[in-house]
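Colleague: Below you will find the structure I want to go over with you.
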Amino acid sequence: MTYHLPAGTAAAGPCTVDITPESAGWGHARLRVLDLPPGGRYAFDTGDSEWIVLPLAGGCTVAVTDDFGENSFELAGRRDVFSGVSDFAYAPRDARTALTSADGGRFALTGARCSRRLPTRYGPASEVPVELRGTGSCSRQVNNFGAAEVFGCDKLIAVEVITPGGNWSSFPPHKHDEHRPGEESELEEIYYFEFAAHGSTPGLGYQRVSPSGRGRGTDVLAEVRDGDVVLIPDGWHGPSMAVPGHHMYYLNVMAGPETERAWLIRDHPDHAWVRDTWPGRPVDPRLPLYTAPAGP
């Protein structure tokens, strides 16, 4: 099994990324990334999965039709992932969903197999909590649009992380591959990467996953670039390293078999002490890159 998928290697049809439970060899988490040209349209059946449609660059209209009728949402989106928080739309399982974009753009469809069919909903950008996590060179920004405690889903958990150039995130290394009630959740995870360029020079970073003694013994040390994906079925993951001069963005998509939808992690015992040094120390002054816009 290959866990680092360079840009283009996970493409299918109109999607530049199409990660399914079957292709990943697991049970729940899935991701599509779609580039739409001006006036473009993409329609799909949600099937046995719930989905959040998240603009990465540009805006779109999302129409969802199910047994309860049709709902349509205008997503304002954003210029790119380094310029602002985006609004989003939730599409439940067993529905027909269509995206259209007058000006074109790039859109992430984060998904998870689920049992319950929840209502179709719109998520305003103004209600996305922007969290600053870590200190110093471990500082990063987390846009918690689909976090377990923020937005209601059956199985899906999804967040965005921005790591300033030269910083490490996903550190201390942590895992969530074991059911330990109240301490650790069993969650599959997808990382999707984008980078801020410096002039005409594209960005890059590095991703580490080390075996935890569980599951497949996943072991990855990868140079990652725009559009790359890393699959994490198990293992200690982190650090995610942004090279100096280039901010790193990654979209995390998580889901698993747990009855309770929760993000409970265990830090690597060799590095857990790092988290204890954070209280009272300053966050990287480059953060936040932006905050959520004011509500209406």
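Values in this text are rule-based calculations from the coordinates and carry no lab data. All values derive from a computational prediction rather than experimental measurement. Cβ placement follows ideal geometry from the backbone for every residue including glycine, while neighbour counts extend to all protein chains displayed.
Colleague: Of (1) under 12 Å from M241 (Cα atoms); (2) over 19 Å from the mean Cα position of the chain (by Cα); (3) in a strand (DSSP E or B); (4) touching a residue at least 24 places away in the same chain (Cβ under 8 Å), L221 satisfies all except one. Which?
Modeller: Unmet condition: (4).
Colleague: Also: Within region 176-185, is there a residue that is over 21 Å from L5 (Cβ atoms) and buried (at least 23 other Cβ atoms within 10 Å of the Cβ)? I'd like the intermediate steps shown before the answer.
Modeller: First, the residues of region 176-185 that are over 21 Å from L5 (Cβ atoms): 178-185.
Those still in the list that are buried (at least 23 other Cβ atoms within 10 Å of the Cβ) too: 185.
Yes, there is a match, as at least one residue in region 176-185 is over 21 Å from L5 (Cβ atoms) and buried (at least 23 other Cβ atoms within 10 Å of the Cβ).
Colleague: Further question on the same structure: If S72 satisfies every condition in (1) over 30 Å from L221 (Cβ atoms); (2) touching a Lys or Arg at 6+ places or on another chain (Cβ under 7 Å) but one, which is the exception?
Modeller: Single failed check for S72: (2).
Residues are listed down the side, and each one gets a yes or a no for (1) among the polar types (S, T, N, Q); (2) assigned to a strand (DSSP E or B); (3) free of Cβ contacts under 8 Å to residues at least 24 places away in the same chain:
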| residue | (1), (2), (3) |
| --- | --- |
| L34 | no, yes, no |
| A43 | no, yes, no |
| I52 | no, yes, no |
| C60 | no, yes, no |
| A76 | no, yes, no |
| G84 | no, no, no |
| T100 | yes, yes, no |
| F107 | no, yes, no |
| T110 | yes, yes, no |
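Colleague: Is it the case, given these coordinates, that R30 is part of a strand (DSSP E or B), within 19 Å of the chain's Cα centre (by Cα) and surrounded by fewer than 22 Cβ atoms within 10 Å (Cβ to Cβ)? Before the answer, list the steps.
Modeller: On the way: part of a strand (DSSP E or B): yes; within 19 Å of the chain's Cα centre (by Cα): yes; surrounded by fewer than 22 Cβ atoms within 10 Å (Cβ to Cβ): no.
No: the conditions fail for R30.
Colleague: Another one. Name the residue that is nearest to the chain's Cα centre (by Cα), counting only residues in region 131-159 that are outside any loop (DSSP other than H, G, I, E, B) and buried (at least 24 other Cβ atoms within 10 Å of the Cβ).
Modeller: At the first step, the residues of region 131-159 found to be outside any loop (DSSP other than H, G, I, E, B) are 131-133, 136-138, 140-146, 157-159.
Subsequent filtering for residues that are buried (at least 24 other Cβ atoms within 10 Å of the Cβ) retains 140-141, 143, 145-146, 157-158.
Working: R140: 14, Q141: 13, N143: 9, F145: 9, G146: 9, I157: 8, A158: 5 Å.
Taking the candidates together, the pick is A158.
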